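The numbers here are math on the coordinates, done by the rules we state, and not lab data. Since this is a predicted model, take the numbers as computed values, not measurements. FYI the Cβ positions are ideal-geometry reconstructions off the backbone, even for glycines, and counts take in every protein chain you see.
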Amino acid sequence: MSEHTRRQVLRTAAVAAGLAAAQTVVAPVAAGGSFPPGGAAGDCPPPIGPVTVRPTDVRYEELVQGRNKRYTASPDYVRVVGSTSQVVQAVHDAVRAGQRVVVRGGGHCLSDFVDNPAVRVIIDLAGMTQVYFDPARNAFAVEAGATLAELYRRLFFGWGVTVPAGWCAMVGVGGHIAGGGYGVLSREYGLVADHLEAVEVVVADRLGRVRSVVATRDPADPHHDLWWAHTGGGGGNFGIVTRYWLRTPGVRGNDPGTLLPPAPAKTLDYSCAWPWEGMDEQKFARLVRNHSRWCEENAAPGLASSRLYGGLDLNRRQTGAHMLIGQVFGPDAEQLLDDFIAALSDGVGAPQDVRKDWKPWMTAVEGSADDSQKVRFRMKSGYLRSRFTETQISTIYRLLTEPGNEGLLVGNVGLSTYGGKINTVPSTATATAHRNAVIGLTYLAAWTDPALDAAHDAWLRDFYHQVYADTGGVPHPLDGAYINYPDNDLADPAINRSGVPWSTLYYRDNYPRLQRVKAQYDPLDVFHHALAVRPA
């Protein structure tokens, strides 16, 4: 029996046995959490939905494709929802009909977890975008259909605060927070999941009964493990998140303006380039070492340099140059940036096209919101606890300078500054186990021609394998990978020849606890995908 067939039989049998007794159960939202503060419930317009969009509907095409044009779903219908109770009903309907159901928030999943031919029902959270202060929980409530742009904007203009979430403002909070959530402010303030106070999740029990559960940071909460699973356990694993509550741990008082990190008044955006012209292997290696050395020397928490984020993209020769891009804030921002660029330039030469631009905080955030260019892409990830080996640097140089691969718009390795406040949290305190990295890595290929999918997939797969040739084609298990950049190859033993399971690469020793949470809250495995947590 195949794994898919086994799951389907398990769910169908259990649901059939329990439907006679099963009822749709809606857990009440906490007092003060059903509408923004300062007004009565009647002041709020009714929510969007529920709307059922089928293939003949003019909205269908728009709702079955995410940001990655490689993947398109073909569900029986899309249910657009505007409230937790609507999500409960939508999951109930899908479970009762034996249909595979998934959720879409911002649509940025890098794999085919949502846009998959096997999916029969997509629950779209487009109607759940509220961000408000909830006095009952003394925390900021964020509905899971909101984008980071909406989150940043409302937190800033409402209370002058922010969260250390991702740079791409059009990403949806639903999956971003559940996977940990890393951004340009994370070295100073930690991951966004480190500020998670509570989470509301729609789950299905072993009789097919559907309900919403609120799980909190409080260790005495009977649902505490479900909260823990959403601090880095990844999206689409345990149920459908409908709402998060955010508050920095350890803060006191009830002034909303003090319960999350203060937003910078302004930030210094910057970029510069080191051209391939005139860059030999020695200079290339020096640039990589310089960046890595800076990351190693500036990974401790509490340093002024924690306010600087820098991403170095090592691009294919055909691109023309290697790019450094980032942000820094604070009164000494210009000096921090000058020192950073000087450290990277040592023995390499000064960069070209240096741009420094002071921007108000929201202007800087909104500048990253342009998501109009939809391309086909593939991404892989990794962390580094220390620099690449000399063999790895030589391999990267060789692969980036090879000719061919026409039609590949982007092919690069990205090295991002990491550490700082992130690494002050014990590896088991949250589901995010990687708390000793100094560099975050991405491996990216992007193109537009569907006919080149296989060729460019193979290029990136081979690139990754060669960089990690000494560890079976994948990162060392103590380095690992980032679940918000999911890579199905890691679960394929024909590609991952390391003998290290994909679950260890993403979760290390936290995986067994995630499995127990899965078994408790999704025993029928209703919510699953290629890299889903398996029930214990």
statement: Length gained if Asp338 through Asp221 is fully extended, taking 0.36 nm per residue and subtracting the Cα-Cα distance, is 37.3 nm
Square roots of five times the Cα gyration tensor eigenvalues for the chain, Å: 38, 28, 21
Ellipticity estimate at 222 nm from DSSP helix runs (n ≥ 4, -39,500 (n - 2.57)) divided over the chain, nearest 500: -7500 deg cm²/dmol
message: Give me the extension gain from Ala118 to Gln352: residue separation times 0.36 nm, minus the current Cα-Cα distance, reported in nm with one decimal.
response: 79.4 nm
field: the chain - charge dipole about Cα centre, Lys and Arg +1 at Cβ, Asp and Glu -1, debye rounded to 20
entry: 1140 debye
message: Report the Cα centroid-to-centroid distance between the stretch 243-280 and the stretch 432-485 in angstrom, as an integer.
response: 26 Å
Entries in Lys283/Lys374; Lys380/Lys421; Lys69/Lys421; Lys359/Lys518 that, when Cα-Cα distance is taken, lie over 32 Å: Lys283/Lys374; Lys69/Lys421; Lys359/Lys518
Two-site FRET efficiency, Tyr60 against Glu277, from Cβ-Cβ distance with R₀ of 41 Å, rounded to 0.05: 0.25
Residues Thr471, Thr391, sorted so that the one with the fewest Cβ neighbours within 10 Å comes first: Thr391, Thr471
field: Inter-label distance, nm, simple model (7 Å from Cα along the C-beta direction), Asp509/Ser74
entry: 4.7 nm
field: Inter-label distance for Leu303 and Glu406, nm, one decimal - labels placed 7 Å from Cα along Cα-to-Cβ
entry: 4.6 nm
- request: For Ala136, put the label point 7 Å out on the Cα→Cβ axis and report which residues of the stretch 201-232 keep their amide N under 15 Å from it.
  value: 201, 212-216
- line: Largest-first semi-axes in Å of the equivalent ellipsoid built from the Cα gyration tensor of the stretch 266-509 are 27, 23, 18
- prompt: Counting only residues 5 or more places away or on other chains, whose amide H sits under 5 Å from the amide H of Asp124 once H atoms are built in the peptide plane?
  reply: Arg79, Val80, Val81, Arg104
- line: So Leu478 and Ser386, fully extended at 0.36 nm per residue minus their Cα-Cα distance, gain in nm 32.0 nm
field: Part-to-part distance (alpha-carbon centres) for the stretch 165-233 and the stretch 291-339, which is given in Å
entry: 29 Å
